[in-house]
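A short reminder: the numbers here are calculations on the coordinates, not readings from a lab. What you are looking at is a predicted structure, and each value in this text was computed from that prediction instead of being measured. So basically every Cβ, Gly included, is an ideal-geometry build from the backbone, and we count neighbours across all protein chains shown.
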Amino acid sequence: MKTRILLVDDEEQFVQALSERLTLRGYDVTTSLSGEDALEKLKHYNYEVVILDIAMPGLDGVTTLREIKKFKPLTEVIMLTGHATVETAIEGMKLGAADYLVKPCDTEELMAKINKAHQKKAGTEERIREAKVKDIISSPRSVLKKK
Amino acid sequence: MKYAWDTLGEAGFQFFGKMSASISHEIKNALAIMNENAGLLEDYASMGEKGISVDLQRLKSLAGNVRIQIQRADEIVRNMNRFAHSVDRSENAIEVGELLALMTALAHRSATMQGVTLKLKPPQKLVTITTNQFFLEHLIWLFLEFSMDKTGCDKIVELILEKEGSAVRIIFTGLIGLQPPTMDSFQTDAAKALLEAIGAKVSADSGKGELVVTLSGGEKPLGS
């Protein structure tokens with residue numbers, strides 16, 4: 001199954017070009033030109049990875065990341081920044097971003113980070129499923145429990 | 001002069017740094033678009049090598065996108081160069097309309113981030129004054145930042161340049177909340193120092209929603 005990506009950046013030409021490149025490489029890409037639109041889309045659809053620009057009009061990337069982590073905590077977010085500042089990256093990581101890249105970015109490096117983030121999400125979801133199953137089995141009323 | 005040069009210097013360095021950071025960010029965005037479009041051209045070339053049919057119009061369109069971003073980056077660098085040269089001399093003859101056009105262009109990114117549209121009304125005639133160009137640019141920047149924060153619902157700030165006798169007026173329109181407490185907050189040490197350094201005065205008309213900076217049309221010796 002294709003990895004579902006939400007690409008968020010206010011630069012329309014950048015979004016169009018990167019979206020096309022990722023689609024050619026087998027990803028299922030949806031685009032947003034604002035943090036507000038991205039949050040609206042996330043309410044209705046599930047994405048494995050969000051690629052999120054930091055500097056955007058309206059809701060900036062850090063605020064958008066904060067909101068994503070509130071209602072879709074398992075969604076992995078990769079921050080894109082035009083600033084080569086460690087502070088920006090650290091702030092994003094503290095808020096739960098999986099990684100960051102500085103524009104212009106190398107597509108192969110971006111893909112490696114996307115795949116790593118997707119694997120991390122899949123791993124977390126699997127552990128949650130296992131924990132739920134274990135909880136069901138260990139429940140006093142569980143019919144699966146050995147007597 | 002009442003205000004020490006170190007106030008102007010420190011604030012000036014911060015202004016210069018802020019402008020440099022903003023310009024570099026704009027250039028980065030243009031480079032990122034060029035990077036992705038160049039990458040797409042490579043992708044389609046690879047597809048062609050594998051015998052997959054490629055839309056030649058698409059290739060031309062991608063090349064056109066790169067050219068547009070080159071023109072965009074070139075204009076950004078041109079503005080950066082003009083701004084950088086504004087510190088060449090402590091005083092020179094300045095065409096105020098051109099300076100306002102430069103500052104409006106430099107403020108474009110900040111305005112976009114705040115959802116504000118900046119408009120510059122074309123001046124009726126050339127207006128020239130002799131003063132410190134960097135100080136004047138810094139002052140205009142402070143006014144622009146203030147205006148973008150105080151703009152009304154339509155989020156439009158218009159700059160109008162007028163000359164009355166020897167006085168030059170730059171009017172920032174479309175503002176709200178220009179009552180005294182707000183105006184007091186504008187009068188930072190840096191703003192006061194810049195106004196004094198170039199012999200300018202600021203006034204507000206809260207009824208009209210206008211902020212007016214008046215420059216003396218003649219020479220104002222610095223340090224006096």
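Roughly how many whole Å is it from the C-alpha centroid of the stretch B:6-21 to that of the stretch A:5-56?
First find each Cα centre; the distance between them is then 36 Å.
Net charge around B:Val116, counting only other residues with Cβ within less than 13 Å of its Cβ (Lys, Arg = +1; Asp, Glu = -1)?
Residues close to B:Val116 contribute a combined charge of 0.
Nothing charged except the Cβ atoms of Lys and Arg (+1) and of Asp and Glu (-1): what's the magnitude of the dipole of the protein assembly as shown about its Cα centre? Round to the nearest 20 debye.
Roughly 1720 debye for the protein assembly as shown.
Explain nothing, just the number: dipole magnitude of chain B about its Cα centre with +1 on each Lys and Arg Cβ and -1 on each Asp and Glu Cβ, in debye rounded to the nearest 20. Walk me through the intermediate numbers first.
On the way: 23 positive and 27 negative charges, 71 e Å.
The dipole magnitude comes to about 340 debye.
In percent, what relative contact order does chain B have, based on Cα pairs under 8 Å that are 6 or more apart in sequence?
Relative contact order, chain B: 19 percent.
Straight-line reach from A:Lys43: which lysines have a Cα under 22 Å away, not including same-chain ones fewer than 8 places off?
Leaving aside lysines fewer than 8 places away in the same chain, those within reach of A:Lys43 are A:Lys2, A:Lys69, A:Lys70, A:Lys72, A:Lys120, A:Lys121.
Starting from the Cα gyration tensor of the stretch A:4-120, take the square roots of the eigenvalues, sort them a ≥ b ≥ c, and report rounded, prolate or oblate (rounded when a/c is under 1.5, otherwise prolate if a/b is larger than b/c, else oblate).
It is rounded, given that a/c, with a ≥ b ≥ c, falls under 1.5.
Please list, short to long, the whole-number percent of alpha-carbon pairs of the stretch B:5-85 in consecutive 10 angstrom bins beginning at zero.
The distribution over the stretch B:5-85 is 17, 32, 22, 15, 9, 4, 1, given as percents.
Cα atoms only, the stretch B:90-216: Rg and Dmax in Å?
13.6, 39
Take the Cβ-Cβ distance between B:Cys153 and A:Ile137 as r, set R0 to 51 Å, and report the resulting FRET efficiency rounded to the nearest 0.05. Numbers along the way, then the final one.
Numbers: r = 60 Å, r/R0 = 1.17.
With a Förster radius of 51 Å, E is 0.30.
Across every pair of different alpha-carbon atoms, what Kirkwood hydrodynamic radius in Å does chain B reach?
About 19.6 Å, per the Kirkwood formula over Cα pairs.
Suppose only helical runs count, i.e. DSSP H with n ≥ 4. What mean residue ellipticity at 222 nm does that imply for chain A under -39500 (n - 2.57) per run, divided by all residues and rounded to the nearest 500 deg cm²/dmol? Can you show the working numbers first?
Working: 5 runs with 75 residues, N = 147.
Dividing the helical sum by the residues of chain A leaves -16500 deg cm²/dmol.
Could the peptides A:51-64, B:46-59 be put in order, highest first, of the mean number of other beta-carbon atoms found within 10 Å of their residues?
A:51-64, B:46-59
May I ask you to order B:159-168, A:13-22 by the average number of other C-beta atoms within 10 Å around their residues, highest value first?
Those peptides, ordered most packed to least, come out A:13-22, B:159-168.
For peptide A:17-24, compute the average count of partner chain beta-carbon atoms within 10 Å of each residue's beta-carbon. Could the numbers behind the result be given before it?
Working: counts 12, 7, 1, 8, 6, 1, 0, 6.
What the average comes to for A:17-24 is 5.
Could I have the simple spin-label model distance between A:Ala112 and B:Glu145, label points 7 Å from Cα toward Cβ, reported in nm to one decimal?
A separation of 4.0 nm, rounded to one decimal place.
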